[in-house]
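Have a look at the structure below before the remarks.
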Amino acid sequence: LGAVVGFAVRFQDQVGEDVLVKFMIDGILLAETQSDRLLRRYDTLIIDEAHERSLNIDFLLGYLKRLLPKRPDLKLIITSATIDTSRFAEHFGQAPVIEVEGRGFPVEIRWRPISGDKEERADNGLYQAIAGAVEELGREDPRGDILVFLPGEREIRDAHKALEQRRYAHTEVLPLYARLSGAAQDRVFQPGPQRR
């Protein structure tokens with residue numbers, strides 16, 4: 001660590017002079033564009049989880065689109081499980097798309113707005129709305145699993161806690177986010193005797 005493979009995150013940097021692979025958060029790469037406009041330190045960039053849209057990611061993708069004609073030697077790889085590949089390929093000059101098969105599950109998509117006034121929605125309204133949707137779906141069909149998409153780890157943890165407190169019968173509430181251990185992530189995809 002720090003010699004061959006390094007990492008740079010906010011307030012921590014373990015990157016030596018001869019490091020070959022550097023892991024960094026989007027903000028670090030964005031900051032590097034200020035001192036190294038052509039990103040000459042890199043021959044390949046991998047932007048992972050590009051579907052997790054943020055201002056940093058959007059700005060970096062726009063910056064890299066303009067940089068690539070000036071740096072034809074720079075290789076750019078953009079990864080995502082859910083991104084619109086045809087639009088991204090077109091945006092980057094008909095870039096090739098490589099699809100890697102993953103696990104697929106049939107999903108029925110429903111969207112349910114949060115009701116109530118603005119103050120009510122801000123005060124745990126999201127988690128009450130999620131619980132209401134889970135209860136509604138439980139009345140319709142108590143067998144199928146329910147998947148709730150949320151914008152970040154904190155919201156996932158808070159929703160998990162709120163649903164766990166309700167102690168639904170024959171239901172296992174499992175969180176899923178990137179920083180969970182591999183075993184905890186795999187558990188979500190293993191068959192279980194209860195609704196999840």
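The values are calculated or read from the model by the stated rules, or taken from the named source; none is laboratory data. Everything numeric in this text was worked out from a predicted model, so none of it was measured. Note that each Cβ is placed from the backbone with ideal geometry, even for glycine, and that neighbours are counted across all protein chains shown. Please note that ligands, DNA and RNA were not included when accessible areas were found on the heavy atoms of the full protein model with its side chains. Shrake-Rupley method; radii C 1.70, N 1.55, O 1.52, S 1.80 Å.
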On a full-extension model of 0.36 nm per residue, what is the gain between SER86 and ARG179, subtracting their alpha-carbon distance, rounded to one decimal in nm?
30.6 nm
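Count the net charge of all other residues whose Cβ sits under 15 Å from the Cβ of SER181, scoring Lys and Arg as +1 and Asp and Glu as -1.
Net charge around SER181: +1.
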To the nearest 10 degrees, the tilt of helix 153-166 (Cα long axis) against the first principal axis of the alpha carbons of the chain is 10
Which of GLY27, GLY62, GLY93 moves the most in a Gaussian network model of the chain with Cα springs under 10 Å?
GLY93
Per the Kirkwood treatment, what hydrodynamic radius in Å, one decimal, follows for segment 1-116 from the mean inverse distance over all distinct Cα pairs?
16.5
Once the mean of 1/r over all distinct C-alpha pairs in segment 117-196 is inverted, the Kirkwood radius in Å reads 13.6
Tilt of helix 125-140 relative to the longest C-alpha principal axis of the chain, in degrees (0 to 90, nearest 10)?
60
If only Cα atoms are counted, what is the Rg of segment 39-84, and what is its Dmax, in Å?
10.9, 30
Could you pull the accessible area for ILE28 with a 1.4 Å probe, rounded to 10 Å²?
40
Grab the DSSP H runs of the chain that are 4 residues or longer, score each as -39,500 (n - 2.57), total them, divide by all residues and round the 222 nm result to the nearest 500 deg cm²/dmol.
-11000 deg cm²/dmol
Please give the contour-minus-distance gain from MET24 to ARG53: 0.36 nm per residue of separation, less the Cα-Cα distance, rounded to one decimal in nm.
8.8 nm
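How much of the pair distance distribution for segment 59-196 lies past 27 Å, counting alpha-carbon pairs only, in percent?
42
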Given the protein chains as shown and a 1.4 Å probe, how many square angstrom of HIS170 are accessible, to the nearest 10?
150
